[in-house]
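Undergrad: One structure, as structure tokens, below. Some questions next.
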Amino acid sequence: MMKQFKTTLMAGAPLGLLTGAALLAGTTTDAVLAAPSQAAQRVTVVVDGSGYKPATINVKAGRPVQLTFLSKGSSCANTVSIPALNKTLALQAGQKKALTFTPKKGQTLAFACAMKMYSGKVVAR
Ligand SMILES: [Cu+2]
């Protein structure tokens, strides 16, 4: 009897810890997962021989943005540099590449081709 009681106690302790950990983890996971699925702002920028369309993208600050560059041809606009994100995308004609980031309020993220002939910006309000 005594031995059985001990076993129950020992089994009970880790279970309690696990439940607590699961609750904590659950809270964190929900917050992280909920944002992209419910609030992601998806924008596609068409890249062609005349630059980026749209060239100005207005988004809401504090919410994730999924920015997709879709190349429609061969031009130097296929190299897209986004200094604020420390990223440079190299697109082939017909290819698309996406970036996801969460802009801060008042932030403007400029992007441009390698020679800065073509440019655009993401404006977060
Ligand atoms: Cu260029």
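Undergrad: Among the residues of the range 80-120, which ones are within 16 Å of the ligand (Cβ to nearest atom) and either surrounded by 15 or more Cβ atoms within 10 Å (Cβ to Cβ) or among the aromatic types (Phe, Trp, Tyr) (or both)?
TA: Scanning the range 80-120 gives 80, 81, 82, 89, 91, 111, 112, 113, 118, 119, 120.
Undergrad: Could you tell me how many of the residues in the range 95-125 are out of contact with any Gly (no Cβ under 6 Å at 6 or more places or on another chain) and among the aromatic types (Phe, Trp, Tyr)?
TA: 1
Undergrad: Scan the range 51-64 for residues that are touching a Ser or Thr at 6+ places or on another chain (Cβ under 9 Å) and either closer than 13 Å to residue 98 by Cα or more than 16 Å from the ligand (Cβ to nearest atom) (or both) and jot them down.
TA: If the condition is that a residue be touching a Ser or Thr at 6+ places or on another chain (Cβ under 9 Å) and either closer than 13 Å to residue 98 by Cα or more than 16 Å from the ligand (Cβ to nearest atom) (or both), then 61, 62, 63, 64 are the ones that fit.
Undergrad: So, one more: Cβ-Cβ distance below 6 Å, separation of 6 or more or different chains: which pairs start in the range 36-64 with a residue that is buried (at least 16 other Cβ atoms within 10 Å of the Cβ) and part of a loop (DSSP other than H, G, I, E, B) and end on one that is at pLDDT below 95 and not β-branched (Val, Ile, Thr)?
TA: 64/35; 64/36; 64/40
Undergrad: Select from the range 65-79 the residues that are of a type outside the set (S, T, N, Q) and part of a helix (DSSP H, G or I) and write down the one among them that is farthest from the ligand (Cβ to nearest atom).
TA: 77
The values are calculated or read from the model by the stated rules, or taken from the named source; none is laboratory data. Not measured: the values here are computed from a predicted model. All Cβ positions, even for glycine, are placed from backbone atoms using ideal geometry, and neighbour counts span all protein chains on display.
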